[in-house]
Amino acid sequence: MNNAVLSIHDVHKSFAGLHALSNINLDIRESESHAIIGPNGAGKSTLLNVCVGRLAPTRGTVLFDGTELTGKHPFEINQLGVARVFQTPEIFEDLTVIENVMIPMFSRRDRSFGLNIHSRFDEQTEIQSESVQVLADLGLGDHLAHLTNSLSRGDKRRLELAMCLVQHPKLLLLDEPTAGMARADTNATIELLKRIKATGITIVIIEHDMHVVFSLADRITVLAGGTIIAQGTPDEIKGNPKVVEAYLGEETV
Amino acid sequence: MFGISKINDIMLLVAFAAIILAGPIILEPIGASYPDLLQKFAIFGIFAIGFNILFGLTGYLSFGHAAFLGVGSYAAVWSFKLLSMNAIPAIAIAVVLSGLFALAIGYVSLRRAGIYFSILTLAFAQMSYNLAYSVLTPITNGETGLRVLRTDPRYLDVMFGADVGAAQPTTNFFGIEMTGWPGFYFCGIVLIAAFAFSIVIFRSPFGMTLRAIKSNQNRMGYTGFNSRPYLMSAFIISGMYAGLAGSLLAVTDPLAGAERMQWTASGEVVLMTILGGAGTLLGPVLGAGIIKYFENIFSAFNESVLNSLFEFMPEDVRHVVVEVAGLFVGDGWHLTLGVLFMIVVIFLPGGLMEGAMRVLRIKHSPKVTNIGKSPQRDIVGEGAIEENLDDRVRTAPARSKPTG
Ligand SMILES: Nc1ncnc2c1ncn2[C@@H]1O[C@H](COP(=O)(O)OP(=O)(O)O)[C@@H](O)[C@H]1O
Ligand SMILES: [Mg+2]
């Protein structure tokens, strides 16, 4: 398959004898929404950590758009066009909501360094108006001047998503974007992700909520105990007895 | 949207300048209106403003900033000896040299964060201090300290036809002698410029980036930022501020000694910044002023002053009171400083600026829970609104839950 945006090849990761990932081979295709599911501790987050440079794989390679990612710093990987939402929101807690979104936009503009002291941040009209636009779009329009530590968990996740979106990434990695959300919030997030998907961006989503998975995913990979036990379209996965046994049976809502 | 604006900041700067320039009048009632002390306020204010650009914005706590102060002083005195008694070349050389020095120390120290960074900077400063006393004696003149002599060459002064060697030379600014009130006004104007530049940094995208690094350096990586060059820039800028302050110490008193680089001096600027409010614009200047003022007042007290102060008390009681109070004054004034510092850290971790904010706007001021986790907002131009404190309490434990 040559239209793979992200190819994970023979990746292993062990923590002091614990094999969190073994022999992972996975291709993410251009513009698809690919869900990764599996029980807690299956190694899903670890896989994303290897992709964004937070962890170095014990063995194996990860290619993005033909570029080798292993050994690169997280900032270099991000600059190639990979953005990630974490399982525990990683935002700037001491900054206001709009400042949180302006920072990634400065990154997009200045790449890795810019000694921008000749202008004021409150007078960057272009960057501000785009930030306001995106935040309003994600339902955070009322919180622009609030410190982020006053936001609800769902709002924090949406904010982190906004921070990724303003970077216009090619690949968006989402780690349980609806965990801990109320039903209505989850549904709003599904609608939002559908809109993002429609822009043609490639998405990898780790998700426990099967309703979310089946509303969004083009393909699904099932992880258990650090290995891939199944892969296919949503219909194939639904009917796969191994998956039902390992995971779906106990978790379907 | 941000609660700040250019107009606000210009007003802040104008008010600041007015207060500094009127300092001799304003500080008259508290007995601080003499040039030597006011110069110190200004110089250490500059030192603390620079320190705050590093510590207040990035959260990197340097314990070695006195090294840059020392480098600035030595560089300035050498400029007086070799080039000219004019303050300008001395300041220029001091700022450039301390910047280069900061580049070298920062290059190594910034490879680590947190306590390791602090220890590396402390180690470098102590190393500089010891070197100044030992192998670098030809440059620093060791324990005697570096001073200007009548016989120094002063090539620039000679070139411009000054009568070098006629009398004991004094520092000057194009002919204006840098002693007494002119000395204070010179330092005061430099302080105003230093303050203005710190406003520029605080309000720039660069400053916002530094605050983001302080808030979550991890996220900066996943946002495409290489934090290192930003931290280096902040470190160098704050080192240059320290060098500037060091050179002004030499301008007002052309003598440089290694004790200026000692760890106590590094610790003092940390206290000033935290006492006033790290991450705020005004806090560091306030902290510097208060510490230098108390140092001056309390260290001058002695037993006879205390005795006359408590004269109204009966003999026996007075004896005890004077005995106890005596611990806190004179050489013991550091005890006073320690107590003051503890009170602030425990009750006002955001420093005096946080206290002022609480008084002026009780509800909407962000509560500071940790030193260094500053509100990063001043009274003037406060922009952030923090609501739903209950909500935060509710979600806080959830955030620390281990995640699978
Ligand atoms: N940094 C780490 N150090 C040690 N063990 C880890 C680390 N990260 C993950 N693990 C372990 O690897 C396994 C997979 O974890 P993770 O990828 O987070 O699972 P999940 O599929 O729930 O996201 C778990 O057993 C976890 O304890
Ligand atoms: Mg996980």
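The values are calculated or read from the model by the stated rules, or taken from the named source; none is laboratory data. Fair warning: this is a prediction, and the values are worked out from it, not measured in the lab. Cβ placement follows ideal geometry from the backbone for every residue including glycine, while neighbour counts extend to all protein chains displayed. What goes into the accessible areas is simple: the full protein's heavy atoms, side chains included, and nothing from ligands, DNA or RNA. Shrake-Rupley method; radii C 1.70, N 1.55, O 1.52, S 1.80 Å.
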Among the residues of region B:138-171, write down those that are closer than 30 Å to B:S109 by Cβ and under 27 Å from the mean Cα position of the chain (by Cα). B:I139, B:T140, B:N141, B:G142, B:E143, B:G145, B:L146
For the structure I just gave you, tell me whether B:L275 is without any contact (Cβ under 8 Å) to a residue 24 or more places away in the chain and either among the aliphatic types (A, V, I, L, M) or touching a Lys or Arg at 6+ places or on another chain (Cβ under 9 Å) (or both). no
Residues in region A:202-228 that are of a type outside the set (K, R), touching a strand residue (DSSP E or B) at 6+ places or on another chain (Cβ under 9 Å) and more than 14 Å from A:K44 (Cα to Cα) total 9
Is it true that A:V5 is in contact (Cβ under 8 Å) with a residue 60 or more places away in the chain, under 17 Å from A:T202 (Cα atoms), among the β-branched types (V, I, T) and in contact with a Pro (Cβ under 7 Å, 6 or more places away or on another chain)? no
For region B:140-169, how many residues are of a type in the set (V, I, T) and surrounded by 14 or more Cβ atoms within 10 Å (Cβ to Cβ)? 4
Can you name the number of the only condition in (1) closer than 22 Å to A:G232 by Cβ; (2) in contact with a Gly (Cβ under 7 Å, 6 or more places away or on another chain); (3) within 13 Å of chain B (Cβ to nearest Cβ) that A:C51 fails? (2)
Residue check for A:L174: crowded, with 21+ Cβ neighbours inside 10 Å and either in contact (Cβ under 8 Å) with a residue 40 or more places away in the chain or of a type in the set (S, T, Y) (or both): yes
Six or more apart or on different chains, Cβ atoms under 6 Å: show the pairs whose first residue is in region A:99-125 and closer than 21 Å to B:F2 by Cα and more than 7 Å from every other protein chain (Cβ to nearest Cβ) and whose second is open to solvent by less than 10 Å² (accessible area, probe 1.4 Å) and part of a loop (DSSP other than H, G, I, E, B). A:N100/A:I91; A:N100/A:F92; A:V101/A:V166; A:M105/A:V166
Can you name the helices (runs of 4 or more DSSP H) wholly within region B:2-65 that have at least 1 residues being open to solvent by 40 Å² or more (accessible area, probe 1.4 Å) and β-branched (V, I, T)? B:6-21, B:23-26
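Results for (1) charged (D, E, K, R); (2) within 16 Å of ligand 1 (Cβ to nearest atom); (3) under 17 Å from the mean Cα position of the chain (by Cα), shown as yes or no for each residue.
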| position | (1), (2), (3) |
| --- | --- |
| A:H143 | no, no, no |
| A:H146 | no, no, no |
| A:K156 | yes, no, yes |
| A:C164 | no, no, yes |
| A:L172 | no, no, yes |
| A:A182 | no, no, no |
| A:I206 | no, yes, yes |
Which condition from (1) more than 16 Å from ligand 2 (Cβ to nearest atom); (2) in the same structural domain as A:T221 (by TED's automatic domain parsing); (3) under 29 Å from A:L140 (Cβ atoms); (4) not small (G, A, S) is the one that A:C51 breaks? (1)
Restricting attention to region B:106-116, the residues that are buried (at least 23 other Cβ atoms within 10 Å of the Cβ) and either closer than 30 Å to B:P169 by Cβ or more than 19 Å from the chain's Cα centre (by Cα) (or both) number exactly 1
May I ask you to say which residue of A:K197, A:K238 is surrounded by 15 or more Cβ atoms within 10 Å (Cβ to Cβ), under 20 Å from A:L138 (Cβ atoms) and of a type in the set (D, E, K, R)? A:K197
Considering each residue of region A:133-155, count those that are more than 8 Å from every other protein chain (Cβ to nearest Cβ) and assigned to a helix (DSSP H, G or I), and give that number. 11
Of all residues in region B:186-230, count the ones that are of a type in the set (A, V, I, L, M) and at the interface with chain A (Cβ under 7 Å from one of its Cβ atoms). 4
